[in-house]
Amino acid sequence: MERAPRIDGLKIAVVHDWLVTWAGAEKVLEQLLLCFPEADIFSVVDFLPEKDRQCIAGRRATTTFVQRMPKASRHYQTYLPLMPLAVEQLDLSSYDLVLSSSHAVAKGVLTSPDQLHVSYVHSPIRYAWDMQHQYLRETGLQRGMKSRLVRLIMHYMRMWDVRTANGVDAFIANSEFIRRRIRKAYGRDAAVIYPPVDVSGFALQEEKEDFYLAASRMVPYKMMPMIVEAFRSMPEKRLVVIGDGSELKKCKEGAGPNVEILGWQRFEVLRDYMQRAKAFVFAAEEDFGITPVEAQACGTPVIAYGKGGVLESVKGIEAPEPTGVFFYRQTPEALVEAVRFFERGGYGGISPASCRNNALRFSPERFRAEIEARVADEWERFAEERKT
């Protein structure tokens, strides 16, 4: 699809929160740069490993003073209180169109009335809004002086986040779930464009083996130890766990003989297990959730916690051509019940072809077409308003 001529010739800036690892937000950045290859990149920090930099054509971002702070390459998130100030120092005054890809501070860049700012929001700052109390529990910061300091910083971040929402001309949310968060936090509406998933990198496999797969970063909100605990209580069912992080030790300690903890694995290994698994188990409340879509691209059903973006990427058993089964409490008991339901009859109602067809809704080509059309529409509206 050729780009709409309405935005040809514009000087474009793309603003990203931070370039440190290659994850879902960076895959959005990759696609934005394919849509707008002439755009310049800006970010609070850029420590992206060279092996991943090829995905953005080897380019480097213009960064802020946080880039030069002590130990910023490893502990950049400790400078979060400084990031609102830092992102405001990026000089974008020479650009016609600013596109921010934001889950933290990128949308807070300063723009003038003569510039159009379109913000693709992965989420309002999670740990400053509705997930603050969960964050405090998971980090052991519910009491004490450090807790009060963190709460003060989060209060400041919320005020800054709301204020800077006024500088965005048009919001795009990565799911209906995040559209509701944007409305709640900022009092603004947003279009919905689902993020890109490289479904072409996952082949459909009809024949499945007798094991379940859970794969994720091992961080508290992913609930990986809970999944392990649930399967320990079902010794007749095999679970394979792939991932690394702070919760890995807890997973190993909670695993029974039917649970195989593989830790971090190469993409090729993860894909192989995804293709062969009876079902993919997902227990996090995510803004969207890319791995359940990747599993479906392999023809693998999903057993997922029924909250957040996964309700939009997985079709429950009551839907035409279902692709998964939901459970509605993040407890081992609820997951066990869902697995047993899946094996009693849910599995029979889910075909690998249906899973694959559902995943194709989230292709990168679809993302680029929708982004280019939305940005062109917003520029046309903005240009007309400037004439009046």
* Could you say whether any residue in the range 67-81 is closer than 30 Å to ASP8 by Cα and among the charged types (D, E, K, R)? -> no
* Examine the range 338-345 for a residue that is aromatic (Phe, Trp, Tyr) and free of Cβ contacts under 8 Å to residues at least 60 places away in the same chain, and state whether such a residue exists. => yes
* Restrict the check to the range 46-68 and report whether at least one residue is touching a residue at least 60 places away in the same chain (Cβ under 8 Å) and surrounded by 15 or more Cβ atoms within 10 Å (Cβ to Cβ). => no
* With respect to THR111, determine if the residue is modelled with pLDDT of 95 or more, more than 23 Å from PHE171 (Cα to Cα) and surrounded by 15 or more Cβ atoms within 10 Å (Cβ to Cβ). => no
* Could you list all residues from the range 155-180 that are surrounded by fewer than 20 Cβ atoms within 10 Å (Cβ to Cβ), part of a helix (DSSP H, G or I) and touching a residue at least 12 places away in the same chain (Cβ under 8 Å)? => TYR156, ARG158, TRP160, VAL162, ALA165, GLU176, ARG179
* Report yes if MET274 is touching a helix residue (DSSP H, G or I) at 6+ places or on another chain (Cβ under 7 Å), buried (at least 18 other Cβ atoms within 10 Å of the Cβ), in a loop (DSSP other than H, G, I, E, B) and of a type outside the set (Gly, Ala, Ser), otherwise no. => no
* Asked: If you go through the range 159-205 one residue at a time, how many are aromatic (Phe, Trp, Tyr) and farther than 30 Å from LYS278 by Cβ?
  -> 3
* Structure fact -> The residue from VAL228, VAL219 that alone is modelled with pLDDT under 95, outside the structural domain of ASP130 (by TED's automatic domain parsing) and hydrophobic (A, V, I, L, M, F, W, C) is VAL219
* To do: Looking only at the range 239-271, count how many residues are in contact with a strand residue (DSSP E or B) (Cβ under 7 Å, 6 or more places away or on another chain) and not in a helix (DSSP H, G or I).
  => 13
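Please go through the range 210-224 and give me each residue that is over 21 Å from the mean Cα position of the chain (by Cα) and within 13 Å of VAL259 (Cβ to Cβ), ordered by number.
Initial filter on the range 210-224 (over 21 Å from the mean Cα position of the chain (by Cα)): 210-212.
Correct list: PHE211, TYR212.
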* From the options ALA369, ALA376, residue that is surrounded by fewer than 16 Cβ atoms within 10 Å (Cβ to Cβ), assigned by TED's automatic domain parsing to the domain that holds LYS27 and either under 14 Å from VAL197 (Cα atoms) or among the hydrophobic types (A, V, I, L, M, F, W, C) (or both) -> ALA369
* Asked: Quick one: what pairs do we get from the range 23-36, first residue assigned by TED's automatic domain parsing to the domain that holds ALA369, second surrounded by 19 or more Cβ atoms within 10 Å (Cβ to Cβ) and among the polar types (S, T, N, Q), C-beta under 6 Å, 6+ apart or different chains?
  -> VAL28/SER101; LEU29/SER101
* Asked: Among the residues of the range 348-364, is any buried (at least 23 other Cβ atoms within 10 Å of the Cβ), modelled with pLDDT of 95 or more, over 19 Å from the mean Cα position of the chain (by Cα) and not small (Gly, Ala, Ser)?
  -> yes
* Structure fact -> Out of (1) in contact (Cβ under 8 Å) with a residue 40 or more places away in the chain; (2) touching a helix residue (DSSP H, G or I) at 6+ places or on another chain (Cβ under 8 Å), the one ALA304 does not meet is (1)
* Structure fact -> Here the residues within the range 243-252 that are surrounded by 21 or more Cβ atoms within 10 Å (Cβ to Cβ), under 21 Å from the mean Cα position of the chain (by Cα) and either not acidic (Asp, Glu) or not assigned by TED's automatic domain parsing to the domain that holds PHE282 (or both) are GLY243
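Does VAL105 satisfy the condition of being modelled with pLDDT of 95 or more, out of contact with any Pro (no Cβ under 8 Å at 6 or more places or on another chain) and crowded, with 19+ Cβ neighbours inside 10 Å?
On the way: modelled with pLDDT of 95 or more: yes; out of contact with any Pro (no Cβ under 8 Å at 6 or more places or on another chain): no; crowded, with 19+ Cβ neighbours inside 10 Å: yes.
Taking the combined requirement at face value, the residue does not satisfy it.
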* Asked: Got at least one residue in the range 118-129 being part of a helix (DSSP H, G or I) and over 28 Å from VAL192 (Cβ atoms)?
  -> no
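In the range 287-306, what residues are part of a loop (DSSP other than H, G, I, E, B) and at pLDDT 95 or above?
Here is the first cut: in the range 287-306, the residues part of a loop (DSSP other than H, G, I, E, B) are 287-289, 298-301, 306.
The answer is CYS298, GLY299, THR300, PRO301, GLY306.
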* Structure fact -> Exactly one of ALA255, ALA230 is surrounded by fewer than 19 Cβ atoms within 10 Å (Cβ to Cβ) and aliphatic (A, V, I, L, M), and that residue is ALA255
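The values are calculated or read from the model by the stated rules, or taken from the named source; none is laboratory data. Note that the coordinates shown come from a computational prediction; the quantities given were computed from them, not determined experimentally. Heads up, the Cβs are rebuilt from the backbone with ideal geometry, glycines too, and the neighbour counts pull from every protein chain shown.
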